[in-house]
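The values are calculated or read from the model by the stated rules, or taken from the named source; none is laboratory data. Only a predicted model underlies this, so the values are computations on that prediction, with no experimental measurement involved. Cβ placement follows ideal geometry from the backbone for every residue including glycine, while neighbour counts extend to all protein chains displayed. Keep in mind that these areas ignore ligands, DNA and RNA; they rest on the heavy atoms of the full protein, side chains included. Shrake-Rupley method; radii C 1.70, N 1.55, O 1.52, S 1.80 Å.
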Amino acid sequence: MSDATQPAIIWFRNDLRLSDNPALRAAAASERPLIAIYVLDDDNAGDWKMGGASRWWLHHSLESLAASVKERGGKLVLQRGKANDIIPALATETGAAAVYWNRAYEPWAIARDKKIKATLTGAGIEARSVNGALIVEPWEISTKQGKPYKVFTPFWKSIKAGHTPADPVGVPENLRFSNVTAGDALKDWALLPTKPDWAGGLRATWTPGEAAAHGRLGAFIQNGLADYDTARDKPAITGTSGLSAHLHFGEISPRQVWHAIKHSEHGESEDADSYLSEIAWREFSYNLLYHFPEFPEDNFQPRFDHFEWTGTNAEFEAWTKGQTGYPIVDAGMRQLYQTGWMHNRVRMIVASFLVKDLFIHWRRGEDWFWDTLVDADLASNAAGWQWVAGSGADAAPYFRIFNPVSQGEKFDPDGDYVRKYVPELANLPKRAIHAPWTADRATLARAGVTLGKDYPQPIVEHAEARKKALAAFEKIKDAA
Ligand SMILES: Cc1cc2nc3c(=O)[nH]c(=O)nc-3n(C[C@H](O)[C@H](O)[C@H](O)COP(=O)(O)OP(=O)(O)OC[C@H]3O[C@@H](n4cnc5c(N)ncnc54)[C@H](O)[C@@H]3O)c2cc1C
């Protein structure tokens, strides 16, 4: 039997916000004093424990959430280790009657959460999980045949026809926290880089936390939404919302985003539809991850298991460092390293280059992104890589090979994006900025560029690599 003085635990995970947080709402509705906890669970995450840039974000996001909890008279307890041990132990120590959390969909998290639920329930403690991260959970949506969607367009149509999200809700008014003192100091988790401190560009670019997430959404609605459909493909300008890390860490919910967009001045426009379809790509990625949990590690189409990856470590290193000799690729990789984020168009270009020009497995690119992106997300990262590689569900056809020069010329026509991230090319004229090796000597000299010294010669010849890729794909085309 439980009595009303027994506390309830609200276990924060990738839902680092107070508003529109269904688990927090359910916990508050129990009218019990609340204990708020976040667990850094690297052990269960295994190979998918958070990378460096995500850890930087997490530090600041936790700081922000802890401040919001403190304002309401509580303390965000921080503990590091296996949540399977920590959550039941905290519940027992504090005599908690219930534990509430929002669901996660990473395979390792699902397995862990099931165990925790069983342990808690076995001990007579209520364990309640709810949906705080998605518009539609994977088991709520299926094709007419009752199968998981593997193609995006019908998935998106189905969301619009029958799964539009309910109105978001605010911060519960009756939040009452219990007095707890235990827990780690955030700084002891060493989530921030020190030797060296490589996070200067991240600090200059991002402000993690719930308030900043809403600020970014508001600014996007005011300045970006009306022109999203065309501006979203231009990496030199701020044409997208920049909400991916805020969404990943749950500082804002997709339904808050959905409703803010829908209720805005341009809410019924094609631009709004196009924007919400990107939010739906996030949903689709989670849908794939849930139904095909091997998706982040294995080719969705097994015929790609036979592909011959012949790229070298030196080529991989040149790619990571933005030293491939292809300016749009190098600009993207340097933007990633400096700011922890890369424009979507350029993500596609650099990914295609790694897989189809350098013949390096998409898993290596996925791992690099995992470590360097502030928005690193198991579902969206895997879906993005498998889409580009051609090995995924609803993927780009294998013969779609991005040409890094024409992509640069089309989407960065003035070369401003390249000039910003590859400053050694800044003085090249527009006509040569995406293919410096085509410039004559005088042009290069005027721009102060000696190829092979200030900036590399292309490490592969794209036309040759393209032919080789098509031949390699031809070989596996009919494999099972
Ligand atoms: C190789 C590759 C890897 C990627 N890895 C990630 C990743 O780890 N994490 C991640 O969040 N996104 C990933 N993406 C998708 C996409 O590039 C980013 O979501 C987007 O660039 C984030 O910028 P934004 O918030 O300004 O996007 P906006 O254009 O403003 O889009 C709004 C939101 O929609 C979602 N979204 C947009 N495009 C996609 C997409 N293609 N797939 C899934 N969701 C999308 C994001 O949550 C984004 O914040 C990857 C794409 C590729 C090609």
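Taking label points 7 Å from Cα along the Cα-to-Cβ direction, ALA471 and HIS291 give a separation of 3.8 nm.
I'd like the accessible area for PHE369, computed on protein heavy atoms only with a 1.4 Å probe and all protein chains in place. Round to 10 Å², please. In the full protein context, PHE369 sits at about 10 Å².
Of the chymotrypsin sites (Phe, Trp or Tyr not before Pro) found in region 7-82, no site is in coil according to DSSP while having at most 16 other Cβ atoms within 10 Å of its Cβ.
Under 16 Å of direct C-alpha separation, and excluding same-chain neighbours fewer than eight residues apart, LYS467 reaches these aspartates and glutamates: GLU308, ASP357. May I ask you to give the percent of accessible area on region 8-132 that is carbon plus sulfur, with a probe radius of 1.4 Å? Carbon and sulfur together cover 48 percent of it.
Across region 90-104, computed HN-Hα scalar couplings (Karplus, 6.51 cos²θ - 1.76 cosθ + 1.60, θ = phi - 60°) run 4, 4, 5, 4, 8, x, 5, 9, 7, 10, 10, 8, 8, 5, 10 Hz from first to last residue, x flagging Gly and Pro. The charge dipole of the chain, taken about its Cα centre with unit charges on the Cβ atoms of Lys, Arg (+1), Asp and Glu (-1) only, comes to about 280 debye.
On full extension of the chain, what length is gained from ALA396 through TRP139, given 0.36 nm per residue of separation minus the C-alpha to C-alpha distance?
Full-extension gain reported as 90.0 nm.
Ranking LEU336, TRP319, PHE304 by how far each Cα lies toward the positive end of the dipole of region 297-356 (charges on Cβ) leaves LEU336 at the top.
Per residue, the solvent-accessible area of the chain (1.4 Å probe, heavy atoms of protein chains only, all protein chains present) comes to 43 Å². Taking label positions 7 Å along the Cα-Cβ direction at both THR205 and ALA166, the computed distance is 3.7 nm, reported to one decimal.
Phi angles across region 367-379 convert, under the Karplus curve 6.51 cos²θ - 1.76 cosθ + 1.60 with θ = phi - 60°, into 3J(HN,Hα) values of 5, 5, 4, 4, 7, 9, 8, 6, 9, 3, 9, 4, 6 Hz, Gly and Pro given as x.
Among 242-252, 144-154, 168-178, the peptide with the highest mean count of other Cβ atoms within 10 Å heads the list, and the full ranking is 242-252, 168-178, 144-154.
When nucleic acids and ligands are ignored and a 1.4 Å probe is applied, LYS467 ends up with an accessible area of around 130 Å².
Pairs LYS115/LYS157; LYS49/LYS114; LYS321/LYS430; LYS49/LYS160; LYS420/LYS475: which are spaced more than 29 Å apart, C-alpha to C-alpha? Beyond 29 Å: LYS115/LYS157; LYS49/LYS160; LYS420/LYS475.
Phi angles across region 175-192 convert, under the Karplus curve 6.51 cos²θ - 1.76 cosθ + 1.60 with θ = phi - 60°, into 3J(HN,Hα) values of 5, 9, 9, 8, 7, 9, 10, 4, x, 7, 8, 4, 5, 5, 7, 6, 7, 8 Hz, Gly and Pro given as x. Here the sum of -39500 (n - 2.57) over DSSP H runs of 4 or more residues, divided by the residues of the chain, equals -14000 deg cm²/dmol at 222 nm, to the nearest 500. Report, to the nearest whole %, how much of the accessible area of region 302-476 belongs to carbon and sulfur atoms, 1.4 Å probe, protein only. Heavy-atom surface of region 302-476 belonging to carbon and sulfur, 1.4 Å probe: 51 percent. Within region 1-26, whose backbone N sits under 14 Å from a point 7 Å along Cα→Cβ of GLU126? Output list for this probe position: 1-10, 23-26. Legend: residue pairs LYS144/LYS262; LYS144/LYS477; LYS70/LYS187, Cα-Cα distance threshold 26 Å; pairs beyond threshold, LYS144/LYS262; LYS144/LYS477. Per residue, the average separation of C-alpha pairs within less than 8 Å and at least 6 apart gives the chain a relative contact order of 17 percent.
Between LYS157 and ALA226, what is the FRET efficiency for a Förster distance of 22 Å, r being their Cβ-Cβ separation, to the nearest 0.05? Working from the Cβ atoms, E equals 0.35.
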